[in-house]
2 protein chains.
Amino acid sequence: MEFKIEKELDKARAGTIETLNGSIETPAFIVVGTKAAVKALTPEQVSSLGAQAVLANTYHLYLQPGDKVVKEGGGLGKFMNWSGPTFTDSGGFQAFSLGIAYGDSVSKISNKETVSRLNNNNLVKIDEEGIDFKSIIDGSSHRFTPERSIEIQHNIGADIIFAFDECTSPHASYEYQEEAMNRTHRWAQRSLDAHSTDQSLFGIVQGGRYEDLRKESAKIIGSMDFPGFGIGGSFDKEDIYTAVGWVNDILPKDKPRHLLGIGEPVDLFGGVENGIDTFDCVTPTRIARNGSLYTRDGRINILNAKYVNNFSKIDDCDCYTCKNYTLAYLSHLFRAKEMLGATLASIHNLYFIVNLVKDIRKSILEGTFFEFKEKWLGMYYKK
Amino acid sequence: MEFKIEKELDKARAGTIETLNGSIETPAFIVVGTKAAVKALTPEQVSSLGAQAVLANTYHLYLQPGDKVVKEGGGLGKFMNWSGPTFTDSGGFQAFSLGIAYGDSVSKISNKETVSRLNNNNLVKIDEEGIDFKSIIDGSSHRFTPERSIEIQHNIGADIIFAFDECTSPHASYEYQEEAMNRTHRWAQRSLDAHSTDQSLFGIVQGGRYEDLRKESAKIIGSMDFPGFGIGGSFDKEDIYTAVGWVNDILPKDKPRHLLGIGEPVDLFGGVENGIDTFDCVTPTRIARNGSLYTRDGRINILNAKYVNNFSKIDDCDCYTCKNYTLAYLSHLFRAKEMLGATLASIHNLYFIVNLVKDIRKSILEGTFFEFKEKWLGMYYKK
């Protein structure tokens with residue numbers, strides 16, 4: 001893997017990541033294909049809307065169909081028919097959050113509840129060696145360690161993979177954050193030691209919302225022999241401008257930085273402004289399937305009665321959906337529960353976010369990032 | 001509309017239907033897009049797999065989003081972004097069968113049950129003027145008459161539309177079939193009288209499984225001023241070779257004949273052999289969504305455990321799905337309940353059926369239909 005920075009504007013940068021399966025012009029939004037499929041879309045649809053790379057989840061693929069099946073199928077890209085760059089996360093976040101949530105509708109819960117539920121039913125157990133967790137599919141018992149996560153990610157075979165980490169809630173106590181962070185650092189070294197392929201293994205910085213912990217984590221992880229970095233944690237809005245900035249002031253400048261699981265427009269601007277190169281997030285497709293659509297002046301819900309007879313397009317947008325379909329038709333598809341509704345809405349939302357980040361990149365190259373940010377956010381959040 | 005026969009082989013014929021929105025080379029399988037959407041597919045995917053035309057259901061579009069919304073949206077083709085020829089059925093079949101089935105999982109029930117349920121709960125009432133029925137969506141009351149069906153089909157705006165008819169069960173008594181048939185004949189004339197656009201209105205032949213009724217219906221409907229015909233009824237397997245043949249011996253040879261709602265491979269061969277030009281059927285997409293896939297030697301179910309590790313393609317087939325995905329990947333998508341599974345399976349099944357009918361057409365043009373039929377059916381039904 002190679003990373004070249006083409007232009008810097010304060011902490012923001014525009015560059016290119018070269019992987020074994022093609023390049024990613026950064027800043028870039030990486031589309032999530034949790035189970036080796038971007039929900040409701042073919043790879044050609046994902047590619048046509050401008051996406052450069054796909055991120056799949058190690059936890060999900062390990063459980064179903066199993067990392068060995070993905071390996072036998074030629075690895076993630078070939079298995080799912082995606083010819084561009086691919087990422088997998090380490091599985092740590094899901095083992096922890098979904099393990100606890102098994103049988104519930106909850107997918108992210110704060111640390112206090114976690115601890116009480118851990119004590120009550122032992123659904124997840126973290127020790128120095130790794131994490132014991134229950135499958136979200138059938139409740140069966142499993143164990144991830146740094147070595148096992150790397151082995152699974154080798155089998156899945158993505159271009160960019162992540163060190164095994166513990167993701168904590170931003171509301172966890174200082175003491176717990178410190179303990180988890182130190183464990184994550186030891187796991188990072190074990191992940192590095194277990195890594196043996198030509199895939200690019202990124203280290204993950206943790207440390208919650210505490211400046212000294214974030215800086216310490218950036219210093220330690222940043223000094224390890226990783227070709228790139230992820231910044232982990234369940235962020236609150238304000239953390240993008242604090243924690244991300246603290247970390248990126250310390251991480252080596254010449255290596256790419258991925259902000260894990262973040263994709264709200266304001267956070268994309270904030271992340272880039274603070275030195276982030278790549279993002280991934282399920283939000284654009286998840287809200288699309290519920291009928292929530294991005295427009296230049298905020299989200300709309302297609303199930304609103306006023307769209308039944310509205311023969312305009314969603315927005316002034318060049319996506320496939322906006323070029324060919326009206327709000328009235330989309331409204332009909334969602335009301336009639338036609339799967340095509342999820343497909344068309346996902347195409348629009350992903351196009352919106354992927355191309356927003358492309359426009360951000362362009363504004364860095366042109367030196368107009370801050371003006372673009374102010375204008376764009378002013379319109380989007382004006383309501 | 002124009003219909004040209006290019007070649008005849010006994011009763012089988014290969015021809016071309018010219019509509020205002022393009023031509024259909026016949027015999028042809030018309031893809032069903034019940035609610036102005038082919039389930040799980042974009043129009044480009046439908047077109048790429050070889051489909052020439054789409055049939056939507058008047059009953060469904062009348063209830064949701066309403067025929068006036070479709071009209072305001074530019075008519076069926078423009079509303080759903082399908083640029084080729086379009087069909088709508090008359091709504092009679094669904095008003096009857098779905099009206100009765102409201103609140104049930106049943107969608108087709110035999111006449112005896114129908115009559116008893118009619119008496120019990122008055123969900124559907126047929127009289128000389130039309131049909132009173134309840135909405136499958138909310139149970140609300142509605143009425144279709146021949147005039148209303150034609151008005152709704154004018155609003156929806158398909159190229160080929162159908163006269164309002166009563167579809168009976170093949171198990172109905174002779175007396176009931178005769179009564180329903182005579183009513184259908186009167187409704188056919190009223191449909192013709194109500195028709196005033198440049199859409200092509202096809203008459204529908206009924207008469208159940210009785211030779212004298214089928215022949216009488218073909219004679220009466222065939223003598224009316226329709227540019228083409230539909231053959232209606234819930235057929236049993238053997239009826240394709242009897243009822244369809246009786247009817248097509250009488251219908252004017254120079255007008256196209258559509259067999260409503262039939263799409264099993266053996267029936268496609270039987271229909272063509274007995275003079276059918278076009279078919280429509282939900283089966284290929286409906287079974288696809290349940291994981292049932294066509295292969296040259298019969299159907300397979302992708303949920304079968306043996307496909308989890310099978311990295312072959314579904315079949316020796318040139319469809320998008322077979323060119324890019326393995327059985328193992330499809331198995332994974334279905335097990336993981338990924339919508340993309342329904343999309344890929346629907347593409348394969350529709351490609352299979354649409355191109356089977358194209359191959360049948362080719363065999364007529366080449367004079368090898370009967371050899372092709374014997375060989376093809378021998379392999380498909382050998383199990």
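The values are calculated or read from the model by the stated rules, or taken from the named source; none is laboratory data. Keep in mind the model is a prediction, meaning the values are calculated, not measured. As a convention, Cβ positions derive from the backbone with ideal geometry for all residues, glycine included, and neighbour counts pool all protein chains shown.
For A:Trp246, work out the one condition from (1) touching an Asp or Glu at 6+ places or on another chain (Cβ under 8 Å); (2) in a loop (DSSP other than H, G, I, E, B) it doesn't fulfil.
(2)
Matching residues to (1) surrounded by 21 or more Cβ atoms within 10 Å (Cβ to Cβ); (2) outside the structural domain of B:Ser48 (by TED's automatic domain parsing); (3) within 24 Å of the chain's Cα centre (by Cα):
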position: B:Thr326; (1), (2), (3): yes, yes, no
position: B:Ser331; (1), (2), (3): yes, yes, no
position: B:Leu340; (1), (2), (3): yes, yes, no
position: B:Asn349; (1), (2), (3): yes, yes, yes
position: B:Arg361; (1), (2), (3): yes, yes, yes
position: B:Glu371; (1), (2), (3): no, yes, no
position: B:Lys375; (1), (2), (3): no, yes, no
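Give A:Gly230, A:Gly222, A:Gly275, A:Gly270 a once-over and let me know the one that is farther than 30 Å from B:Glu72 by Cβ and either in a loop (DSSP other than H, G, I, E, B) or modelled with pLDDT under 95 (or both).
A:Gly275
Could you figure out which of (1) part of a loop (DSSP other than H, G, I, E, B); (2) touching a residue at least 60 places away in the same chain (Cβ under 8 Å); (3) not aromatic (Phe, Trp, Tyr) isn't true of B:Asp280?
(1)
Mind checking which pairs have a first residue in the stretch B:350-365 that is closer than 13 Å to B:Trp376 by Cβ and a second that is part of a helix (DSSP H, G or I) and among the aliphatic types (A, V, I, L, M), Cβ under 8 Å, 6 or more apart or different chains?
B:Ile353/B:Leu268; B:Leu356/B:Leu268; B:Val357/B:Leu268; B:Val357/B:Val272; B:Ile360/B:Leu268; B:Ile360/B:Val272
Within the stretch A:147-168, does at least one residue satisfy the condition of being within 25 Å of A:Phe235 (Cα to Cα), surrounded by fewer than 21 Cβ atoms within 10 Å (Cβ to Cβ) and free of Cβ contacts under 8 Å to residues at least 60 places away in the same chain?
No - not one qualifying residue is present in the stretch A:147-168.
Do the conditions hold for B:Ala243, that is, is it more than 25 Å from B:Phe29 (Cα to Cα) and surrounded by 21 or more Cβ atoms within 10 Å (Cβ to Cβ)?
no
Does A:Ala172 qualify as being in the same structural domain as A:Ala56 (by TED's automatic domain parsing), under 21 Å from A:Gly222 (Cβ atoms), at pLDDT below 95 and over 16 Å from the mean Cα position of the chain (by Cα)?
The answer is no for A:Ala172.
Within the stretch B:175-207, which residues are assigned to a helix (DSSP H, G or I) and acidic (Asp, Glu)?
Those that are assigned to a helix (DSSP H, G or I) and acidic (Asp, Glu): B:Glu175, B:Glu178, B:Glu179, B:Asp193.
Could you tell me which residue of the stretch A:81-95 is surrounded by the most Cβ atoms within 10 Å (Cβ to Cβ), considering only residues that are within 14 Å of chain B (Cβ to nearest Cβ) and within 14 Å of A:Asp159 (Cα to Cα)?
Ranking the qualifying residues of the stretch A:81-95, first place goes to A:Trp82.
Collect the residues in the stretch B:171-195 that are over 16 Å from B:Phe93 (Cα atoms) and in contact with an Asp or Glu (Cβ under 6 Å, 6 or more places away or on another chain), keeping them in residue-number order.
The answer is B:Ala194, and nothing else.
Inspect all residues belonging to the stretch A:287-297 and state whether any of them is away from chain B (no Cβ under 12 Å) and modelled with pLDDT under 95.
The answer is yes; a qualifying residue exists.
Do you know which of the residues in the stretch A:283-309 that are among the aliphatic types (A, V, I, L, M) and part of a helix (DSSP H, G or I) is nearest to B:Met339 (Cα to Cα)? Full working, then the answer.
Here is the first cut: in the stretch A:283-309, the ones among the aliphatic types (A, V, I, L, M) are A:287-288, A:293, A:300, A:302-303, A:305, A:308.
Now narrow it down to the ones that are part of a helix (DSSP H, G or I): A:287-288, A:305.
On the way: A:Ile287: 15, A:Ala288: 14, A:Ala305: 26 Å.
Filtering the stretch A:283-309 for residues that are among the aliphatic types (A, V, I, L, M) and part of a helix (DSSP H, G or I), the one nearest to B:Met339 (Cα to Cα) comes out as A:Ala288.
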